Amino acid sequence: MTVELVDHMGGDRAIADGAWVSTGGRRAEEVNDQKLKGFINRLYKDGHGTPFEYPVYKFYIEQPIFVDRQMITYRLATTNGRSGRYSELMNEAYIIPPERKLQQVGKTMDYDFIDGDETQRETMNQILRNFAESFWQTYQTTLKMGIAKEVARFPAPTHMYTSMYMQLNLRSLFNLLHQRMNLENEETALESHPQYEITLIADQMAEFVKEKNPLAWEAFVESKYRKL
Ligand SMILES: Cc1cc2nc3c(=O)[nH]c(=O)nc-3n(C[C@H](O)[C@H](O)[C@H](O)COP(=O)(O)OP(=O)(O)OC[C@H]3O[C@@H](n4cnc5c(N)ncnc54)[C@H](O)[C@@H]3O)c2cc1C
């Protein structure tokens, strides 16, 4: 899974200034980090969402189609994806990494994942490889026959990779992160159970937020990853 930060606008001071303008001031340049931190924390705690819309992130993402399907549910993000009509699909398929838990135990809405065994992992990965290879051969054959790309792609399995640009402001990004990060060991306001593969994307996005908006990130964590 690839997540690159292509563009970013708006640091923590842009958040504070967005709020301070309501009292007629532009104070962010004058205050020290301690005051800024306290103020941003307070904004977050009190649910003042709009100042967190000033920072904007644009990501380039490569992910399997089944993850892409989950990512495009974020309506407040701007997305454009690789086209299977105008270009060939990517000859790359997702293979399950060793740390991915395989077995679901419990009932709907109240379940857990456990490791599974090596036979299960090898069987699944062999199937994933076979389907990807078989699809790719068929795809190349049908393209050579002159069948249009948009038709030749019909049998593509959802573990083939695709790519997209996703741009969203920090408020929307916090919403995505609170639903999709791997927060298994954290104290959270929301019990979300995101699919492991999308956590690989969200966790990488989070690293960029920690770097570009560290004070907003701290406020997010202190509010138990609650969305605004
Ligand atoms: C664990 C998990 C399981 C899921 N399972 C399924 C599933 O089985 N099937 C499925 O279809 N989806 C599923 N989803 C997707 C989910 O229902 C949302 O579509 C997705 O998470 C996008 O979230 P969002 O609407 O908050 O984000 P965005 O669309 O980015 O919206 C951000 C926020 O803006 C506000 N907003 C946006 N649009 C509107 C609107 N029209 N009206 C009012 N407020 C709005 C809301 O506050 C929203 O939280 C799942 C998500 C998770 C995390």
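The values are calculated or read from the model by the stated rules, or taken from the named source; none is laboratory data. The model shown is predicted, which means the values in this text are computed figures rather than measured ones. So basically every Cβ, Gly included, is an ideal-geometry build from the backbone, and we count neighbours across all protein chains shown. Ligands, DNA and RNA are excluded from the accessible area calculation, which covers all protein heavy atoms including side chains. Shrake-Rupley method; radii C 1.70, N 1.55, O 1.52, S 1.80 Å.
Can you say whether PRO64 is farther than 18 Å from MET181 by Cα, out of contact with any Leu (no Cβ under 6 Å at 6 or more places or on another chain) and either open to solvent by 40 Å² or more (accessible area, probe 1.4 Å) or not β-branched (Val, Ile, Thr) (or both), as far as the supplied structure shows?
no
Only residues in the range 71-87 that are within 13 Å of ALA156 (Cβ to Cβ) count as the first member; pair them with residues that are part of a loop (DSSP other than H, G, I, E, B) and open to solvent by 40 Å² or more (accessible area, probe 1.4 Å), Cβ under 7 angstrom, at least 6 apart or cross-chain, and list the lot.
Correct list of pairs: GLY84/ARG153.
Restricted to the range 176-208, and to residues that are within 13 Å of the ligand (Cβ to nearest atom), among the charged types (D, E, K, R) and in a helix (DSSP H, G or I), which residue is nearest to LYS58 (Cα to Cα)?
For the range 176-208, the residue satisfying everything is ARG180.
Restricting to the range 149-175, name every residue that is in contact (Cβ under 8 Å) with a residue 40 or more places away in the chain and away from the ligand (no atom under 16 Å from the Cβ).
Within the range 149-175, LYS149, GLU150, ARG153, ALA156, PRO157, HIS159, MET160, TYR161, THR162, SER163 qualify.
For ILE40, state whether it is among the hydrophobic types (A, V, I, L, M, F, W, C), at pLDDT 95 or above and within 22 Å of the chain's Cα centre (by Cα).
no
Can you run down the residue pairs with Cβ atoms below 8 Å, 6 or more apart or on separate chains, where the first is in the range 209-228 and in contact (Cβ under 8 Å) with a residue 60 or more places away in the chain and the partner is polar (S, T, N, Q) and within 16 Å of the ligand (Cβ to nearest atom)?
What qualifies is LEU228/ASN175.
Keeping to the range 196-228, report how many residues are in contact with a Ser or Thr (Cβ under 7 Å, 6 or more places away or on another chain) and crowded, with 18+ Cβ neighbours inside 10 Å.
Here the count works out to 1.
Does ILE72 count as within 16 Å of the ligand (Cβ to nearest atom), open to solvent by 30 Å² or more (accessible area, probe 1.4 Å) and under 21 Å from ARG180 (Cα atoms)?
Criteria met by ILE72.
Which one of these does ASP46 not meet: (1) open to solvent by 70 Å² or more (accessible area, probe 1.4 Å); (2) in contact (Cβ under 8 Å) with a residue 24 or more places away in the chain?
Failed condition: (2).
Where the second residue is of a type in the set (Asp, Glu) and surrounded by 10 or more Cβ atoms within 10 Å (Cβ to Cβ) and the first is at positive phi and in a strand (DSSP E or B) and lies in the range 94-112, which pairs have Cβ atoms under 9 Å and are six or more apart or on separate chains?
Correct list of pairs: GLY106/ASP112.
Determine which single condition ASN125 fails, assuming it passes every other condition in (1) of a type in the set (S, T, N, Q); (2) out of contact with any Gly (no Cβ under 6 Å at 6 or more places or on another chain); (3) free of Cβ contacts under 8 Å to residues at least 24 places away in the same chain.
Condition (3) is where ASN125 drops out.
Restricting the range 47-84 to residues that are part of a strand (DSSP E or B) and among the charged types (D, E, K, R), which is nearest to LYS227 (Cα to Cα)? First the steps, then the outcome.
If we filter the range 47-84 for residues that are part of a strand (DSSP E or B), which is where we start, we get 56-64, 78-81.
The next check asks that each one be among the charged types (D, E, K, R); those that pass are 58, 62.
Details: LYS58: 20, GLU62: 25 Å.
So, considering only residues that are part of a strand (DSSP E or B) and among the charged types (D, E, K, R), the one nearest to LYS227 (Cα to Cα) is LYS58.
On the given criteria, is GLY11 in contact with a Lys or Arg (Cβ under 7 Å, 6 or more places away or on another chain), within 16 Å of the ligand (Cβ to nearest atom), at pLDDT 95 or above and not aliphatic (A, V, I, L, M)?
no
For the condition farther than 21 Å from SER223 by Cβ and open to solvent by less than 20 Å² (accessible area, probe 1.4 Å), what is the one hit in VAL21, VAL3?
Going through VAL21, VAL3 in turn, just one is farther than 21 Å from SER223 by Cβ and open to solvent by less than 20 Å² (accessible area, probe 1.4 Å): VAL3.
For the range 11-46, name all the residues that are closer than 28 Å to ARG180 by Cβ and part of a loop (DSSP other than H, G, I, E, B).
GLY11, ASP46
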